[in-house]
Amino acid sequence: MPAEFFSEISNHATPPTYRFFDGAGWKESTSAATSDVTSPIQGEILGRLQVVTHQEIDQALANAQKAQPQWESTPLHQRVKIMHLSADWIRHFRGYLASLLIKEIGKTDLEAQGEIDRTADLIDYFADEVQSIRGETLDSDNFPGFDKGRLAMIERVAYGVVVAIAPFNYPVNLAASKIVPALLMGNSVVFKPPTQGGISGVHLTRLFEKAGVPQGVLSCITGGGGDIGDYLVGHSGVDMLAFTGGSDTGVHIAKQAGMVPMLFECGGNNPAVVLPDADLALAAREIVRGAFSYSGQRCTAIKYVLTTESILNQLLPQVLNNIKEMVRMGDPRSPETKLVGPVISPSAAEKILQAISESVGLGAKIEIGGKRKDALVEPTVLTHVKSQMPVVAHEIFGPLVSFIQVASFDEASEIINSSNYGLQASIFTRDEGTGINFAKNLKVGSVQINGSPQRGPDHFPFLGVKHSGVGVQGVRYSLEAMSRLKPVVLNKPQ
Ligand code: G3H
């Protein structure tokens, strides 16, 4: 069944070359250029993606613009039905899609299946939630100086064409989290998957197409960010941009795009603060899970731990013990492997090692790990770390956690608030009131008390401040972000 269902999306060579979808059909680019998708597991080329031309981007955007008004006027219950059907198709191909993720981005079986299940559930939730989004009316006489002479009827309408750019670490889930709310609110979407993760992205597009998304409403264009990114995001046909990826790329896109609405989820270097009254066993478990899940390649991963010397002396042995129990580095296809598989590429692994070695040069100490083989980076714990060292000053997308010893918890807040990032922070304390008070002083998107940072559950608001993001995601919040208010004012002279 997968072969038949997905037959049009590739040329069936070994390895296959995948086609792009311009909203009207599956095509090979006139550029004749492709980019390789290489598995981080053994370096095997899994497939090739088209590098589309500027004219092909123009065409996808033109198709999207043409199809959008009709799509927005399609009854909501029909759009909802198509989205539920997409979720059903995703469940139907669960095993196949998960196996693609394992090979393409090196997720373990559990993580890959988790991403697929979560995506189907997310789509259903979006499709249910959108039905409770409604406009409102406002009377004018609430405002001083006005009588009842005006009535504002305020509707939510689509922006038009949304460009959705997904990252490699959740190429299905973080694609759907943009495409689905945009479509449900009546936008058309030009989807740009990551290169690594692009095979999964092309398959996802096919599922939406087969579920009944009409021609032109959704396209999938492929090519490296360096080749097509600037042209796409700066295109005059784009009405809104939704992006997940690194902070530097986010800042660059924002400059190229100019004055269009944006919903950006960017980098994080999330701290965990362990207060003196914390349940240290809980904190140690959450730190390990938070730092090493999917090899630390999550924007919500814990990157550093702030605590005082006496707590650190008790906490560190527990963290190291937990790593022995909870983490086993290896081939993600093996059931023995736990949390840490390969990072996305050997060159990404090398960058992680460089940050470690520069930090060690500045005085950090490796407690465990610190080496790599190909794309496998050992789970690494550093102590004697300072906030200016590269392992904390930058987002290191790998299985690495740093311990910073502080003299006081005010110092911990200062370190967190002086960071360029501001996605999430965790506070471990047995006194929830203390945790809430501490949270109030932190300049981050969300604070987790007694848990590691995470985006889910997916209907919670998810946002970053500073270089960690723009706008708010989460089911209802994403639906709102993918639409705008349109007041129509009835002037009724009294
Ligand atoms: O990498 C960014 C993701 O939004 C993180 O999601 O917390 O569910 O792993 P997660």
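All of the numbers you see were taken from the coordinates with simple rules; none came from a lab. This is a predicted model, so every value here is computed, not measured. Don't worry about glycine lacking a Cβ; one is built from the backbone with ideal geometry, like all the others, and counts go over all protein chains shown.
For this structure, a couple of remarks:
- In this structure, Gln494 and His12 have a Cβ-Cβ separation that, at R0 = 51 Å, corresponds to a calculated FRET efficiency of about 0.10.
- Sparse-neighbour loop sites [trypsin sites (Lys or Arg not before Pro); the range 409-494; at most 16 other C-beta within 10 Å; DSSP]: Arg430, Lys443
- In Hz, Karplus ³J(HN,Hα) per residue of the range 159-171 (6.51, -1.76, 1.60; θ = phi - 60°; x = Gly, Pro): 6, x, 9, 9, 9, 10, 10, 9, x, 6, 7, 9, x
- Size of charge dipole - the range 270-463 - debye, nearest 20, with Cβ of Lys, Arg +1 and Asp, Glu -1, no other charges: 480
- Taking only the C-alpha atoms of the range 270-463, Rg followed by Dmax gives 15.6, 46 Å.
- Placing +1 on the Cβ of every Lys and Arg and -1 on the Cβ of every Asp and Glu, with no other charges, gives the chain a dipole of roughly 260 debye about its Cα centre.
- Contour excess over end-to-end distance, with Cα ends at Glu411 and Ala62 and 0.36 nm allotted per residue: 120.3 nm
- The chain - share of DSSP beta bridges that are antiparallel (%, nearest 5): 50
- Label-to-label distance, nm, for residues given as Leu485 and Lys148 (7 Å Cα→Cβ offset): 2.3
- Cα Rg, Dmax (largest Cα-Cα span) when computed across the range 337-395, Å: 11.3, 33
- The chain: proportion of alpha-carbon pairs further apart than 32 angstrom, %: 43
- Farthest towards the positive end of the charge dipole of the chain, among the residues Ser132, Pro276, Val340, is the Cα of Ser132, using unit charges on the Cβ of Lys, Arg, Asp and Glu.
- Remark on Arg328: its backbone amide H falls under 5 Å from those of Lys338, Leu339, Val340, a criterion applied only to residues 5 or more positions apart or on other chains, H modelled at 1.01 Å from N.
- Span from the the range 229-290 Cα centroid across to the the range 99-129 one, whole angstrom: 20
- Residue-wise HN-Hα couplings along the range 446-458, as the Karplus relation 6.51 cos²θ - 1.76 cosθ + 1.60 with θ = phi - 60° gives them from phi, are 9, 10, 9, 9, 6, x, 7, x, 6, 7, x, x, 6 Hz; Gly and Pro carry x.
- Helical runs assigned H by DSSP (4 residues or longer) give the chain a calculated mean residue ellipticity at 222 nm of -12000 deg cm²/dmol, each run adding -39500 (n - 2.57) before division by the residue total.
- Computed from the C-beta positions of Gln42 and Lys440, the FRET efficiency with R₀ = 30 Å rounds to 0.05.
- Residues whose amide H falls under 5 Å from that of Leu218, counting only those 5 or more places apart or on a different chain, are Val189, with hydrogens built in the peptide plane.
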